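The values are calculated or read from the model by the stated rules, or taken from the named source; none is laboratory data. Values in this document were obtained by computation on a predicted structure and should not be read as measured data. Quick reminder, even Gly has a Cβ in these numbers, built from the backbone with ideal geometry, and neighbours come from all protein chains shown. Side chains included, ligands, DNA and RNA excluded: accessible areas come from the protein's heavy atoms. Shrake-Rupley method; radii C 1.70, N 1.55, O 1.52, S 1.80 Å.
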Amino acid sequence: MNRRDFLKTCGLVGLLIEGKIAFSRFPSEISFRGSVPLKKEDGRPFNIKDVEKYEPYIFFYPYVSTPCILVDVGNRAEGGIGKGNSIVSFSLICSHQWTFPTPSETFITYYGPDETSLVDRGNVIQCCVHMSVFDPLKGGEVIDGPADNPLARILLDTDREGNLYAVGVKGKDQFQEFFQANHSTLKRLYGSLKRAKEIVKESRVIKLKDYTKEEIKC
Ligand code: FES
């Protein structure tokens, strides 16, 4: 190993030791890996028992500005966790043209089992910008509309006490497209794009209806 390679290797090892490289790209379907504890607003762990059925929650992972939805869909779901394998999580960035919830409104949201959507059934995630509908029971696959890709899945895990962790992102996440398409909104919300791209170390979970003023449904 020459001196340049040696110094490069030392630098890389140093970053890993300092925990600055929290995630790495993987060639498989897993686009990010990194264990982040989910917390309540008061800082206590967010436990699997805290998840109310059919209530959509929001948290941010793996970046401070990338929203995720967490919901108990009431039935066994692909990749679901919990007693009924019914708790799932997805990136709440529409896979069509990267719309996302802001504190003022959201065009993409979860519809409970008794709500009507564009596909005449509930228990879906729907985006009213161009009417894409996704199935949270089937890994976020597209049911209808112009989106070509499913919603990226957020992998969840629990510790022995049932406290929840986000541990990875599976599927096409489109985070870079999201940063590019929404850079002015993200600058307004986070002060700078650099801040918006920071990786989270822990993430607060709140009800989506408490995060955003208006859930726009269609
Ligand atoms: S941005 Fe969601 S359907 Fe087009």
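A few notes on this one:
- One Cα centroid belongs to region 28-47, the other to region 64-141; the line between them spans 18 Å.
- The mean sequence separation of alpha-carbon pairs under 8 Å and at least six residues apart, normalised by the residue count of the chain, gives a relative contact order of 26 percent.
- Ranked by solvent-accessible area (1.4 Å probe, protein heavy atoms only, all chains present), the residues VAL124, VAL64 order from largest to smallest as VAL64, VAL124.
- Cα→Cβ-extended label distance, 7 Å offset, between GLU29 and ASP144, nm: 2.6
- Dipole-positive endmost among PHE179, GLY145, ILE125 within the chain (Cβ charges, Cα centre): PHE179
- Here the accessible area of the chain is 49 percent carbon and sulfur, with a 1.4 angstrom probe and all protein chains present.
- Among ARG121, ARG204, ARG153: highest mean-square fluctuation, GNM of the chain, C-alpha pairs under 10 Å: ARG121
- Between the beta carbons of THR116 and LYS194, assuming R0 = 45 Å, the FRET efficiency works out to 0.60 to the nearest 0.05.
- Per DSSP, loop GluC sites (Glu not before Pro) in region 34-104 with at most 12 further Cβ within 10 Å: GLU41, GLU52
- 22 Å Cα-Cα threshold exceeded, pairs from LYS172/LYS197; LYS39/LYS217; LYS53/LYS207: LYS39/LYS217
- The label point for GLN176 and the one for LYS201, both projected 7 Å from the Cα toward the Cβ, are 2.8 nm apart.
- Ligands, DNA and RNA aside, CYS218 has an accessible area near 50 Å² when probed at 1.4 Å.
- Taking all protein chains into account, the per residue accessible area for the chain stands at 52 Å² (1.4 Å probe).
- Overall form of region 24-215 per C-alpha gyration tensor (a/c, 1.5; a/b vs b/c): rounded
- Summed side-chain charge close to ILE108 - residues other than ILE108 whose Cβ falls under 13 Å, Lys, Arg +1, Asp, Glu -1: -2
- Net charge of Cβ neighbours under 9 Å - reference SER86; Lys, Arg +1; Asp, Glu -1: +2
- Backbone amide hydrogens, once placed in the peptide plane, bring ILE108 within less than 5 Å of CYS128, excluding anything fewer than 5 places away on its chain.
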